[in-house]
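None of the figures in this text is laboratory data; all of them are computed from the coordinates on show. Computed from a predicted model, the values in this text were never measured in an experiment. FYI the Cβ positions are ideal-geometry reconstructions off the backbone, even for glycines, and counts take in every protein chain you see.
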């Protein structure tokens, strides 16, 4: 039986997983000992795995994570985080429950890394993610208003299962920015999840947001159902710089 037409058919159908698996079977003497059903099951399983991996990579690409580390790479030792709580968050169940995560700590302790690690795990678990620094997010929203893309951009962010806002609180919000934040929070409340990292303790966010009524509305939607992580320890950046100096 000529196998080339079958291989070409798999290429045309874009069944790349099955194609690679079949080529692997053809080059393996052990495959001949398997039944037709077993070999077919292996082909289908490889195709499903290939497609799933492709979808994960696409979600990661669209998420635009600023750190490539995984939750398995994060060491909670000395960080003030309970391992049990971290394991629970790594299950992504907080996303299924439409809960938020607030990560607070001084600069360099790993807030952004942890946020991205949790977001990466979310992508691996089938959820969509949008990541942005607070300053850039508000800038993009402002530009979108000017060129008419604002409704589309806000709707796109609202559809994402997880919104990561990094470095929140480095500057006091303008009236436009606090209105934008309220709209984002309103769209996501009890429907999607949000991760926020900040150097500023939550009790001072009221001052950063400004305008008491809007601040109350924003915090009510963000904080009451949030997992609050207060990262501790020395700056990872400072420790790495010290290691490089000693090594030099």
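Data for the structure
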read-out	value
Euclidean distance between Cα centres, the stretch 1-72 to the stretch 187-229, Å	44 Å
The chain: relative contact order in percent, alpha carbon pairs under 8 Å with at least 6 residues between	24 percent
The chain: angle of helix 134-147 to the longest principal axis, Cα-based, in degrees nearest 10	80 degrees
Residues 26, 18, sorted so that the one with the fewest Cβ neighbours within 10 Å comes first	26, 18
The stretch 27-157: mean projected area of Cα convex hull, nm²	13.0 nm²
Three-way shape call for the stretch 148-200 based on the alpha-carbon gyration tensor, with the a/c threshold at 1.5	oblate
Value of Rg to Rh for the stretch 64-240 (Rh from inverse mean 1/r over Cα pairs, i.e. Kirkwood)	0.95
Most mobile of 114, 219, 170 in a GNM of the chain (Cα contacts under 10 Å)	170
Relative packing of peptides 4-14, 124-134 - highest average C-beta neighbours within 10 Å first	124-134, 4-14
Cα gyration tensor shape for the stretch 4-62, rounded if a/c is under 1.5, else prolate or oblate	prolate
Value at 222 nm in deg cm²/dmol, rounded to 500, when DSSP H runs of n ≥ 4 in the chain each add -39,500 (n - 2.57)	-17500 deg cm²/dmol
Helix axis angle, 36-63 relative to the chain longest principal axis, alpha carbon, degrees	20 degrees
C-alpha long axis of helix 212-223 to longest principal axis of the chain, angle in °	30 degrees
Among 163, 173, 48: highest mean-square fluctuation, GNM of the chain, C-alpha pairs under 10 Å	48
Fluctuation leader among 45, 175, 75 - the chain, Gaussian network, Cα springs under 10 angstrom	45
Taking 111, 232 and counting other C-beta atoms within 10 Å, the order from fewest to most	232, 111
